[in-house]
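A.B. asks: I'd like to ask you about the structure that follows.
The values are calculated or read from the model by the stated rules, or taken from the named source; none is laboratory data. Worth saying up front: this structure is predicted, and the values here are computed from it rather than measured. In this analysis, Cβ positions are derived from the backbone assuming ideal geometry, glycine residues included, and neighbour counts consider all displayed protein chains. Note: accessible area is taken over every heavy atom of the protein model, side chains too, but ligands, DNA and RNA are not part of it. Shrake-Rupley method; radii C 1.70, N 1.55, O 1.52, S 1.80 Å.
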Amino acid sequence: MVHDFTTRIDGLFFGRVENRWEGRDPSAIGKTAVTGRRVIEENGFVEDAQADLVHHGGRDKAIHHYAADHYADWIAEGAIPEGTRPAAFGENISTCGMTEETVCVGDILQLGTATVQISQGRQPCWKVAEHTTNPRMAALFTKSGRTGWYYRVLENGTAGVGDEVRLLERLHPEWSVKCVTLGRLTRRISSQDAEVLAHMPELAEGWRSAFAKMAAGDRGEDTSKRLNG
């Protein structure tokens, strides 16, 4: 089903690199709310920071969008405390009315005055567990598919709280972010589907490579470093 929608940015959040946990890598997952119009360039919001540029940020992971809709579920399930609000998961953008089930890989959207494209879901790492103080959080993200998604920037611009997020073009209505993300994280996907995703130009390069391996029958992946640090 094609979901045509327009929603608005409810929250915008930026972080700075900090040494949060003794003996572990620094992180910029701790985001705080900002106001006013903020500049978006190729690597995302120019005032936001990423500590690990190998695994975070860059063209295919320029901006992280998370559905505020999920917070009630996480709270009801006991994963996060009552009253937890965005950006508890380190997201840059919070909205209501868009979820991984209603957006698709390759979707082109207007974000304020910028144009962005959904490039992949999020691969949760140990930092989301540390940040939320729930040691199971990365595993819960993986199981649920409620990971949020990343944008690449097609046209620079600005965005602020209250600005429109509007779907401009849907290239792959059969490939929701949830479907693709669960396939990537669980590796429970048919070889035929993995082959299709391996050749989808709108999907982030790293995910295309992973799906190419799955299509060839290689389902093994060492996730210990990502999940445990």
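A.B. asks: Taking only segment 172-183 into account, find how many residues are among the charged types (D, E, K, R) and touching a Gly at 6+ places or on another chain (Cβ under 7 Å).
C.D. replies: Of the residues in that region, 1 qualify.
A.B. asks: Mind listing whichever residues of segment 101-118 are buried (at least 24 other Cβ atoms within 10 Å of the Cβ), of a type outside the set (A, V, I, L, M) and under 18 Å from Ala210 (Cβ atoms)?
C.D. replies: Residues satisfying the conditions do not exist here.
A.B. asks: Now for a separate question. Among the residues of segment 191-206, are any closer than 25 Å to Pro86 by Cβ, modelled with pLDDT of 95 or more and in contact with an Asp or Glu (Cβ under 9 Å, 6 or more places away or on another chain)?
C.D. replies: Scanning segment 191-206, I find at least one residue that is closer than 25 Å to Pro86 by Cβ, modelled with pLDDT of 95 or more and in contact with an Asp or Glu (Cβ under 9 Å, 6 or more places away or on another chain), so the answer is yes.
A.B. asks: How many of the residues making up segment 58-78 are over 16 Å from Ile93 (Cβ atoms), β-branched (Val, Ile, Thr) and open to solvent by less than 10 Å² (accessible area, probe 1.4 Å)?
C.D. replies: Number satisfying all stated conditions: 0.
A.B. asks: Residues Arg170, Arg136, Arg187: which one is touching a residue at least 40 places away in the same chain (Cβ under 8 Å) and more than 16 Å from Leu109 (Cβ to Cβ)?
C.D. replies: Just a single option satisfies the conditions, and that option is Arg136.
A.B. asks: Ok, one more. Test Arg226 against the stated conditions and say whether it is farther than 15 Å from Cys104 by Cβ and touching a Cys at 6+ places or on another chain (Cβ under 6 Å).
C.D. replies: So Arg226 passes the test.
A.B. asks: Right, here's the next one. What single numbered condition from (1) within 27 Å of Pro173 (Cα to Cα); (2) open to solvent by 30 Å² or more (accessible area, probe 1.4 Å) fails to hold for Met98?
C.D. replies: So Met98 meets the others, but not (2).
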